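Comments concern the structure below.
The values are calculated or read from the model by the stated rules, or taken from the named source; none is laboratory data. Bear in mind that the values here come from a model prediction, so they are computed numbers and not experimental data. We place every Cβ from the backbone using ideal geometry, glycine too, and count neighbours over all the protein chains shown. Areas reflect the complete protein model, heavy atoms only, side chains present, ligands, DNA and RNA absent. Shrake-Rupley method; radii C 1.70, N 1.55, O 1.52, S 1.80 Å.
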Amino acid sequence: MQIARTLDDLRHVLGAYCKPAFVPTMGNLHEGHIALIRKAKPLGDVTVASIFVNRLQFLPHEDFDSYPRTWDSDCAKLQAAGCDVLFAPTENELYPEPQTFKVHPPGALADILEGHFRPGFFVGVSTVVMKLFACVQPRVAVFGKKDYQQLMVIRRMVRQFALPIEIVAGETERAADGLALSSRNGYLSASERHEAVQLSLALKRMAAHAKPGTTDLAAIEAEAMNTLLSRGWKPDYMTVRRRTDLQAPQAGDPLVVLGAAKLGNTRLIDNLEF
C-alpha cells in the first residue's frame, strides 16, 4: 500500500490509473470501514482510502481533539484488506487557507434529523467530501448506510453537480448482538456496551409496528423515545421516514426508521430500511 501525504504525491501515484474506487474515512477504523474497502476493491482499477479528521463537521462542544487517532492499526487493516493507496493529508495540506468556499446542501434534507441536532454538520461533510473528490477524482465512491442521511446528502450533491462519480452504498456492519459498528462504540463502558444494543432493538420494534397502512406513526415514534428514556438514554429522535428524501411518508413509500440517542456521554446513531 502506498501512502500519499500531499496532493502532489497523490496525483503522482494515481496518474497511471483511470478508475479509482474511493472510500473516505476519519480513521479509527473498524470492520465496517474494512467492509467498504472490500466492496470498493472490484469496482475500480485502484482502491483508494483517505484518513482525515475533518474539523469542519465538528461543533465547538464535540470531540474533534479527542477523536481517536489510530494510525498504525488503521494502516495495518487497510493493507490487509487490499487497499492500494492511502491519502492521509495534514490539515494544512487539505486546507492551506481558510475554507471560505463551502457546499451548503438544501435545508429540507440537511437541516432535519442529524442536521437539526448538529447544525452545520452537513456543510462540513459536503465540503470535505467535495474537496476529497477533487483530490482523488474517483469514478466510484463507497459510503456506508449506517450514516444514512449523509449518504443521501452525498448522492444529491454528486447528482446536482453532475460529478462523474458513482456512489455505492455499503450495508451496515453489526456486532453479533446487532449493535451497528461505529468508531464511537469505543467510548462505551462495559455496561454501556451491553445496553447499547437497545437502540437497534428499538428500531426493529418500530419497523415491525409501522406496517404499510399504519397511520399513527407518531405513537410508534413516541413509544420508542419513551422506552429509551426509561432505560436512561437521552434520545434526540426515533422516527419513521420515507427513504427517498427523509420526509414524512405517504402511503406506499419505501420506509426507513432512524434513531439517534446519547448513552452516557456517547451519541449513537442507527437506521433500518424496511
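When both residues are 6+ apart or on different chains and their Cβ atoms are under 8 Å apart, which pairs have a first residue that lies in the stretch 230-252 and is farther than 24 Å from residue 157 by Cβ, and a second that is among the β-branched types (Val, Ile, Thr) and not in a strand (DSSP E or B)?
Final answer for the pair search is 240/220.
Within the stretch 51-98, take every residue that is closer than 27 Å to residue 267 by Cβ, among the acidic types (Asp, Glu) and open to solvent by less than 60 Å² (accessible area, probe 1.4 Å) and give me the one that is modelled with the lowest pLDDT.
In this case the residue turns out to be 63.
Looking only at the stretch 211-224, count every residue that is open to solvent by 50 Å² or more (accessible area, probe 1.4 Å), assigned to a helix (DSSP H, G or I) and of a type outside the set (Gly, Ala, Ser) and tell me the total.
Number of matching residues: 1.
Counting only residues that are touching a Lys or Arg at 6+ places or on another chain (Cβ under 9 Å), open to solvent by less than 50 Å² (accessible area, probe 1.4 Å) and in a strand (DSSP E or B), how many does the stretch 251-274 have?
Residues flagged as touching a Lys or Arg at 6+ places or on another chain (Cβ under 9 Å), open to solvent by less than 50 Å² (accessible area, probe 1.4 Å) and in a strand (DSSP E or B) within the stretch 251-274 amount to 12.
How about the stretch 174-210: which of its residues are within 22 Å of the chain's Cα centre (by Cα), hydroxyl-bearing (Ser, Thr, Tyr) and surrounded by fewer than 18 Cβ atoms within 10 Å (Cβ to Cβ)?
183
Give the stretch 15-35 a look and list any residue that's in contact with a Phe, Trp or Tyr (Cβ under 9 Å, 6 or more places away or on another chain) and either open to solvent by less than 20 Å² (accessible area, probe 1.4 Å) or acidic (Asp, Glu) (or both), or say none.
Going residue by residue through the stretch 15-35, those that are in contact with a Phe, Trp or Tyr (Cβ under 9 Å, 6 or more places away or on another chain) are 22-28.
If the condition is that a residue be in contact with a Phe, Trp or Tyr (Cβ under 9 Å, 6 or more places away or on another chain) and either open to solvent by less than 20 Å² (accessible area, probe 1.4 Å) or acidic (Asp, Glu) (or both), then 22, 23, 25, 27 are the ones that fit.
Tell me yes or no: at least one residue of the stretch 1-11 is assigned to a strand (DSSP E or B), in contact (Cβ under 8 Å) with a residue 40 or more places away in the chain, small (Gly, Ala, Ser) and within 21 Å of residue 123 (Cα to Cα).
Within the stretch 1-11 (the criterion being assigned to a strand (DSSP E or B), in contact (Cβ under 8 Å) with a residue 40 or more places away in the chain, small (Gly, Ala, Ser) and within 21 Å of residue 123 (Cα to Cα)), the answer is no, since none of the residues qualifies.
Identify all residues within the stretch 72-84 that are free of Cβ contacts under 8 Å to residues at least 60 places away in the same chain and closer than 18 Å to residue 35 by Cα; write none if there are none. Steps first, answer last, please.
So the first thing to find is which residues in the stretch 72-84 are free of Cβ contacts under 8 Å to residues at least 60 places away in the same chain, and the list is 72-74, 76-77, 80-82.
Hits for the stretch 72-84 are 73, 74, 76, 77, 80, 81, 82.
With respect to residue 124, determine if the residue is modelled with pLDDT under 95, assigned to a helix (DSSP H, G or I) and small (Gly, Ala, Ser).
Details: modelled with pLDDT under 95: no; assigned to a helix (DSSP H, G or I): yes; small (Gly, Ala, Ser): yes.
It is false that residue 124 is modelled with pLDDT under 95, assigned to a helix (DSSP H, G or I) and small (Gly, Ala, Ser).
Has the stretch 143-158 got at least one residue that is open to solvent by 50 Å² or more (accessible area, probe 1.4 Å) and without any contact (Cβ under 8 Å) to a residue 40 or more places away in the chain? Outline the logic, then answer.
At the first step, the residues of the stretch 143-158 found to be open to solvent by 50 Å² or more (accessible area, probe 1.4 Å) are 147, 155-156.
Narrowing further to those that are without any contact (Cβ under 8 Å) to a residue 40 or more places away in the chain: 155.
Yes: the stretch 143-158 contains one or more residues that are open to solvent by 50 Å² or more (accessible area, probe 1.4 Å) and without any contact (Cβ under 8 Å) to a residue 40 or more places away in the chain.
Which residue pairs have Cβ atoms under 6 Å apart, sit 6 or more places apart or on different chains, and have a first residue in the stretch 31-52 that is closer than 12 Å to residue 142 by Cα and a second that is among the acidic types (Asp, Glu) and open to solvent by 20 Å² or more (accessible area, probe 1.4 Å)?
Once the first residue is closer than 12 Å to residue 142 by Cα and sits in the stretch 31-52, its partners that are among the acidic types (Asp, Glu) and open to solvent by 20 Å² or more (accessible area, probe 1.4 Å) give 32/173; 35/173; 47/84.
Is there a residue in the stretch 105-113 that is small (Gly, Ala, Ser), without any contact (Cβ under 8 Å) to a residue 60 or more places away in the chain, open to solvent by less than 20 Å² (accessible area, probe 1.4 Å) and not in a helix (DSSP H, G or I)?
Going residue by residue through the stretch 105-113, those that are small (Gly, Ala, Ser) are 107-108, 110.
Narrowing further to those that are without any contact (Cβ under 8 Å) to a residue 60 or more places away in the chain: 107, 110.
Next cut, open to solvent by less than 20 Å² (accessible area, probe 1.4 Å) only: 110.
The next check asks that each one be not in a helix (DSSP H, G or I); those that pass are none.
No, the stretch 105-113 contains no residue that is small (Gly, Ala, Ser), without any contact (Cβ under 8 Å) to a residue 60 or more places away in the chain, open to solvent by less than 20 Å² (accessible area, probe 1.4 Å) and not in a helix (DSSP H, G or I).
Has the stretch 227-250 got at least one residue that is closer than 27 Å to residue 58 by Cβ, assigned to a helix (DSSP H, G or I) and modelled with pLDDT of 95 or more?
yes
Here are some residues: 49, 40. Which one is outside any helix (DSSP H, G or I) and among the hydrophobic types (A, V, I, L, M, F, W, C)?
Details: 40 fails: outside any helix (DSSP H, G or I).
Among 49, 40, only 49 is outside any helix (DSSP H, G or I) and among the hydrophobic types (A, V, I, L, M, F, W, C).
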